[in-house]
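Just below is one structure, and these are the notes that go with it.
The values are calculated or read from the model by the stated rules, or taken from the named source; none is laboratory data. What you see is a predicted model; the values in this text were computed from it and never measured. A quick note on method: Cβ atoms are made from the backbone with ideal geometry, for glycine too, and the neighbour counts reach across all protein chains shown. Remember, those area values only see protein heavy atoms, side chains included, never the ligands or the DNA or RNA. Shrake-Rupley method; radii C 1.70, N 1.55, O 1.52, S 1.80 Å.
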Amino acid sequence: VAPTTPVCEVPSSAMTGTIVQMSCKETEGSPPSEYQWYKNGVALLEKTGAGSARAANITYTMNKKSGTLLFNTVTKNDTGEYFCEASNGIGLSQKCSVKRMQV
């Protein structure tokens, strides 16, 4: 079954240095969808290990299975427009509407 449009939860504002978790979920897809987050239209990288993530200055953890995007400490650099895409290899992938987070 192709995925339906996912529901994205993105806070509209966050304080610098706080923990922010965004979520993305759709329930129709079978097999279960994987989720990819985008910031300002660019796909966010999945963190593979502490070393590579630190080198790339990645301040978040993205879980493609659960659809969560977790920032341990948000910075002004994390301000932007976020959306997520659900895909399971069947039919077209589905995106939620873009939501802006201001830090």
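When the surface is traced with a 1.4 Å probe over the full set of protein chains, CYS24 keeps roughly 0 Å² accessible. Per residue of the chain, the DSSP helices (runs of n ≥ 4 H) give a summed -39500 (n - 2.57) that works out to -1500 deg cm²/dmol at 222 nm. Return the percentage of antiparallel bridges among DSSP beta bridges fully within the chain, rounded to the nearest 5 %. Taking every DSSP beta bridge within the chain, about 95 percent pair in antiparallel fashion. Note on VAL7 and LYS64: the model spin-label points, each 7 Å out from Cα along the C-beta direction, lie 2.5 nm apart.
In the range 63-102, the alpha-carbon atoms span a convex hull of 72 Å³ per residue.
Taking every lysine pair in the chain that is 8 or more places apart or spans two chains, those with Cα atoms closer than 12 Å amount to 5.
For a paramagnetic label modelled on LYS39 (point 7 Å from Cα along Cα→Cβ), amide N atoms under 17 Å away belong, within the range 70-99, to 70-85, 98-99.
Shape annotation for the chain: C-alpha extents along the principal axes are 40, 30, 20 Å, from largest to smallest.
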